[in-house]
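Coordinate-derived values only; no laboratory data. Remember, predicted model here, so these are calculated numbers, not experimental data. Positions of Cβ are generated from backbone atoms using ideal geometry, with glycine treated the same way; all protein chains shown enter the neighbour counts.
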Ligand code: ATP
Ligand code: MG
């Protein structure tokens, strides 16, 4: 399974609808400072359901909405990821898996919506579907700036936890704890 395409609408510096295609094996993004490279990674984490806005380099979720034009202030941001699932890593009879997230603000509040293959779902549903394919936004599919130094300075027990997570064991530990509690 790999990301085929990402679509941004009003997300961070992407004031217009922007589609970015990815390759199966390797994709590099290059550009001048401040051109939006890291915003693409933030967009991926946002769509995959990362809940902490700080990791997305924003004070609050609504700061993710494009604000670069005084004349046009959109009230929502949306990021859609299209995965190629021809290898059936995610055990559904679908060649394409589409995950999307939208944040919308009103005068007094903001709302977050998740969609899985076009259907509105909960964040939990997104996490449980994606974890079947080993995709965990809080995990180590994405290596953020500073992660490597952090891993080096961890204790061996903490490092073991990362290996459990990558191997997919941590999820079962969590479910077991939950089941025991019930
Ligand atoms: P570097 O090479 O320095 O790491 P980069 O290509 O990773 O740069 P980003 O951090 O992705 O750049 O983009 C930063 C730009 O995104 C800044 O110019 C910032 O103003 C813009 N930006 C962030 N949030 C918003 C927003 N909500 N609306 C409009 N622009 C935004
Ligand atoms: Mg950057």
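Observations on the model:
- Label zone at residue 92, where the point sits 7 Å out along the Cα-to-Cβ direction: region 17-56 residues whose backbone N lies under 15 Å: 48-49
- Annotation for residue 161 and residue 132: the two label points, set 7 Å from Cα along the Cα-Cβ direction, are 2.8 nm apart.
- With Cα atoms, 0 to 90° folded angle of helix 169-181 axis to the chain main axis: 80 degrees
- Two-site FRET efficiency, residue 122 against residue 180, from Cβ-Cβ distance with R₀ of 25 Å, rounded to 0.05: 0.60
- Most tightly packed first, judged by the mean number of other beta-carbon atoms within 10 Å of their residues, the peptides 61-69, 171-179, 150-158 read 61-69, 171-179, 150-158.
- Cα-based shape type of region 2-133, given that a ≥ b ≥ c are square roots of the gyration tensor eigenvalues and the cut on a/c is 1.5: oblate
- Our estimate of slack between residue 17 and residue 154, defined as 0.36 nm per intervening residue step minus the Cα-Cα distance, is 45.2 nm.
- What the Cβ-Cβ distance of residue 52 and residue 24 gives, at R0 = 41 Å and to the nearest 0.05, is a FRET efficiency of 0.85.
- Residue with peak Gaussian network fluctuation, the chain [Cα springs, cutoff 10 Å], from 132, 107, 72: 107
- Using just its DSSP H runs of length 4 or more, each adding -39500 (n - 2.57), the chain gives a mean residue ellipticity at 222 nm of -8500 deg cm²/dmol after division by all residues.
- Within the listed set 40, 20, 126, the Gaussian network model of the chain (springs between alpha-carbon atoms below 10 Å) gives the highest mean-square fluctuation for 20.
- Report note on the peptides 136-143, 96-103: ranked by the mean count of other C-beta atoms within 10 Å, highest first, their order is 96-103, 136-143.
- Here the spin labels are modelled as points 7 Å beyond Cα on the Cα-Cβ line, and at residue 173 and residue 107 they lie 4.9 nm apart.
- Angle in degrees between helix 156-167 and the longest Cα principal axis of the chain, rounded to the nearest 10: 70 degrees
- You can think of it this way: the chain between residue 5 and residue 75 has 22.8 nm of extra reach, that is 0.36 nm per residue less the Cα-Cα gap.
- Once C-alpha pairs closer than 8 Å and six or more residues apart are averaged by separation and normalised to the residue number of region 2-133, the relative contact order reads 24 percent.
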